[in-house]
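This report concerns only the one structure given below.
The values are calculated or read from the model by the stated rules, or taken from the named source; none is laboratory data. What you see is a predicted model, and the numbers here were worked out from it, not measured in a lab. Reconstructed Cβ throughout: ideal geometry from the backbone, glycine too, with neighbour counts over all protein chains shown.
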Amino acid sequence: MDKTITNLYKTMDAKELNSLNEEKVMALFSDDEKEILSTRHWMFTVNVPVIVSVMRSNEQKIIPFWLSKSGFVKTDKSMKNENTTYEVWQKEFPAGRVGLGVNGFENFMLHYFVSVAPKNKNDKLELSGFFPLNQYVGNLDNGAFTYHDWDELVLNEVPESMKGEKLLTTIRGRGDETHLIGAFRSTAYPSSSKPDQAMLTWSSDPSTGMDIQWRTDTTVVTGTLTYREKGALKEFTVNASRYRMEDRVLMNDRYINRFTAELRDLKPGTTYEYQVAPQTVWSEEFTFSTAAADNNFSFNWFGDTHHSPKYGEIQKLAEKSYPDAAFFSIVGDMVSDGLQRDQWDDLFEFSKPALSRKPMMSVLGNHDNRSGLGALMYRELVSYPKNGPAGVEKEHTYSFKYKNTLFLMIDCTAPIEIQNSWIEEQLAKSDATWKIAMFHFPPYNWEEPYFNIQKAWVPIFDKYHVDMVLGGHIHYYMRSKPMKDGKVVQSYNDGTAYIISVGIPAHAREMTDEPYAAVRNNEGPLFQNVKIKGKLLTYVSVNADNKVIDSFNVTKR
């Protein structure tokens, strides 16, 4: 596919690329290449003769080209989940290697899944030699999940004759591997030889360190950054690491270089200015301050921002209203598709000028960690602490301390239970006055309560008294009353504030009761400012008209 797309760029303009259809795509491949596309997308070995069933959504308009040609026959069987009905296509295979083809070229987002049964019922079936590796083998039945990135989506109405077959699950996003029809995009902000998209983050102590990232096109192969205390004469220069980043269907900017400069041994409570070569002018846009030794600061945070310029408006309002905020956070779904770099380019544009002056410390949402394909693009863009739990990608879950406050930044799209001990360890060893957790899926909400998070993490939050848990995902605003052990308690000194917000327009809708809710609002966009002054926490949520819709204070006993 890489070779095919590279050749397309040599022979087609943007209009031709966007006019590709099934007939034109099929003409791109030789017979040998079609055979590969028909047999090497999903492979495994069987020890006895089998019947292989392919379940494909009947909403997928184009049937995969190889399915009937390779001998699969559509049966009168079907099964469902809450989103779609699946047709059942079947074929007999002898013992040996089984090879199945691609999901199609239009990237339909419910990839087919597979079940396998021995042709002779008395045979003991064994599966091996999987590609892709680490194949999960389940049991086909009502209540079984088929997509690892959406395991709440389960089957029903499974035919009795198929129950008990070996179920091979997948991820929804695998169709992206061969996406050609309607695939090609452009960015409004292509790279050039001039450095841009300067972004600050922390991967070390905020009082003595700062990470600065930027991008160029691929003609620039080295990156250097000069910095100094603001207004001083003495300058320091550091070399930056470089990473080549690819979005192969971004027509006008497929490859870019990302640079990261790690500044260390800075002075606490000091304002610095910086230049990325070949820049030679000191500018207020490129300044930052390290954390001072006091315990006074504030930060702004946003719920889902997705791919919306409305977030840019509310971000600028937050910056104007609270110019002293030390950093800002987005609690997931920063973009709508985390594998489309043009959306990240827009996010950087929306977040200017705060992005080049204040660290962005955020967490992943389901849209950033897209359709089971992972969040490689997110990791290529940020530089966060690599102190997360084993079994979770580095920089997905991490913690940092800013002055007297511990921040737990948790990837709730990763397995929940494997993060329990890490969360407890971070809290147990902390001497912070305030403890704040941020993750995308809110455990308490009116629409889709996350009982697994309530069971796994809430008891730990209770044990060590996490002050606030900040989330998004449901696209409304809710602040809970003080909560402990799933119940409302007297004071925020005794219980946790669970807060949900949204950074884009939200639509009024009828919500069911939430007896634990102190404040609810179903209109966005909103931003929140949290101000800490020693043992006093002051909180506000503000709408696009710059009106405070919620506020509360907590004083530590």
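Return the residue satisfying two criteria in turn: it lies in the stretch 115-169 and is touching a His at 6+ places or on another chain (Cβ under 9 Å) and not in a loop (DSSP other than H, G, I, E, B), and of such residues it is farthest from V50 (Cα to Cα).
Filtering the stretch 115-169 for residues that are touching a His at 6+ places or on another chain (Cβ under 9 Å) and not in a loop (DSSP other than H, G, I, E, B), the one farthest from V50 (Cα to Cα) comes out as Y147.
Can you tell me which residue is surrounded by the most Cβ atoms within 10 Å (Cβ to Cβ) among those in the stretch 82-100 that are more than 28 Å from the chain's Cα centre (by Cα) and in a loop (DSSP other than H, G, I, E, B)?
The residue in question is A95.
Sort out which residues of the stretch 217-239 are more than 17 Å from E273 (Cβ to Cβ) and either part of a loop (DSSP other than H, G, I, E, B) or without any contact (Cβ under 8 Å) to a residue 12 or more places away in the chain (or both), and write them in order of number.
If the condition is that a residue be more than 17 Å from E273 (Cβ to Cβ) and either part of a loop (DSSP other than H, G, I, E, B) or without any contact (Cβ under 8 Å) to a residue 12 or more places away in the chain (or both), then D217, T218, T219, V220, V221, T222, G223 are the ones that fit.
Scan the stretch 387-401 and report the pairs whose first residue is among the small types (G, A, S) and whose second residue is at pLDDT 95 or above and crowded, with 18+ Cβ neighbours inside 10 Å, with Cβ atoms within less than 6 Å and a gap of 6+ or a chain change.
G388/T397; G388/Y398; S399/L408; S399/Q426
Of all residues being aromatic (F, W, Y) and assigned to a helix (DSSP H, G or I) in the stretch 303-347, which is nearest to I212 (Cα to Cα)? Just the residue, please.
That would be W344.
In the stretch 379-412, which residue that is hydroxyl-bearing (S, T, Y) and out of contact with any helix residue (DSSP H, G or I) (no Cβ under 8 Å at 6 or more places or on another chain) is farthest from A437 (Cα to Cα)?
Looking at residues that are hydroxyl-bearing (S, T, Y) and out of contact with any helix residue (DSSP H, G or I) (no Cβ under 8 Å at 6 or more places or on another chain), I get S383.
Take F286 and tell me if it is touching a Lys or Arg at 6+ places or on another chain (Cβ under 8 Å) and either within 19 Å of P353 (Cβ to Cβ) or free of Cβ contacts under 8 Å to residues at least 24 places away in the same chain (or both).
Yes, satisfied.
Just checking, does the stretch 462-469 include any residue being among the acidic types (D, E), surrounded by fewer than 20 Cβ atoms within 10 Å (Cβ to Cβ), in contact (Cβ under 8 Å) with a residue 60 or more places away in the chain and at negative phi?
No, the stretch 462-469 contains no residue that is among the acidic types (D, E), surrounded by fewer than 20 Cβ atoms within 10 Å (Cβ to Cβ), in contact (Cβ under 8 Å) with a residue 60 or more places away in the chain and at negative phi.
Say we look at the stretch 501-516 and pick out the residues that are of a type in the set (A, V, I, L, M) and without any contact (Cβ under 8 Å) to a residue 60 or more places away in the chain; which of these is surrounded by the most Cβ atoms within 10 Å (Cβ to Cβ)?
Among them, the one singled out is A506.
Residues that are in the same structural domain as R40 (by TED's automatic domain parsing), out of contact with any helix residue (DSSP H, G or I) (no Cβ under 9 Å at 6 or more places or on another chain) and under 22 Å from G96 (Cβ atoms): does the stretch 140-158 have at least one?
no
Out of (1) in contact with a strand residue (DSSP E or B) (Cβ under 7 Å, 6 or more places away or on another chain); (2) surrounded by fewer than 19 Cβ atoms within 10 Å (Cβ to Cβ); (3) outside any loop (DSSP other than H, G, I, E, B), the odd one out for E177 is which?
(1)
Collect the residues in the stretch 521-537 that are free of Cβ contacts under 8 Å to residues at least 60 places away in the same chain and either crowded, with 17+ Cβ neighbours inside 10 Å or assigned to a strand (DSSP E or B) (or both), keeping them in residue-number order.
N521, N522, L536
Given the condition buried (at least 17 other Cβ atoms within 10 Å of the Cβ), touching a residue at least 12 places away in the same chain (Cβ under 8 Å) and more than 24 Å from E447 (Cα to Cα), answer yes or no: does some residue in the stretch 548-555 qualify?
Yes.
Being without any contact (Cβ under 8 Å) to a residue 40 or more places away in the chain, polar (S, T, N, Q) and over 16 Å from T85 (Cβ atoms) is the filter here; which residues of the stretch 137-171 pass it?
Across the stretch 137-171, the qualifying residue is only N139.
Out of all the residues in the stretch 112-131, is one or more within 18 Å of N83 (Cβ to Cβ) and either hydroxyl-bearing (S, T, Y) or in the same structural domain as F72 (by TED's automatic domain parsing) (or both)?
Checking the stretch 112-131: at least one residue is within 18 Å of N83 (Cβ to Cβ) and either hydroxyl-bearing (S, T, Y) or in the same structural domain as F72 (by TED's automatic domain parsing) (or both).
Just name the residue that is surrounded by the most Cβ atoms within 10 Å (Cβ to Cβ) out of those in the stretch 430-458 that are in a strand (DSSP E or B) and not β-branched (V, I, T).
Going through the qualifying residues, I end up with A437.
Of everything in the stretch 54-69, what is under 32 Å from the mean Cα position of the chain (by Cα) and not in a loop (DSSP other than H, G, I, E, B)? Give them in sequence order.
If the condition is that a residue be under 32 Å from the mean Cα position of the chain (by Cα) and not in a loop (DSSP other than H, G, I, E, B), then V54, M55, R56, S57 are the ones that fit.
Exactly one condition in (1) over 26 Å from D123 (Cα atoms); (2) hydroxyl-bearing (S, T, Y); (3) crowded, with 20+ Cβ neighbours inside 10 Å is not met by S53; state its number.
(1)
Restricting to the stretch 370-408, count the residues that are assigned to a loop (DSSP other than H, G, I, E, B) and either aliphatic (A, V, I, L, M) or closer than 11 Å to G338 by Cα (or both).
Residues that pass the stated criteria total 6.
Kindly establish whether R174 is free of Cβ contacts under 8 Å to residues at least 60 places away in the same chain and outside the structural domain of L381 (by TED's automatic domain parsing).
No; evaluated as a whole, the condition is false for this residue.
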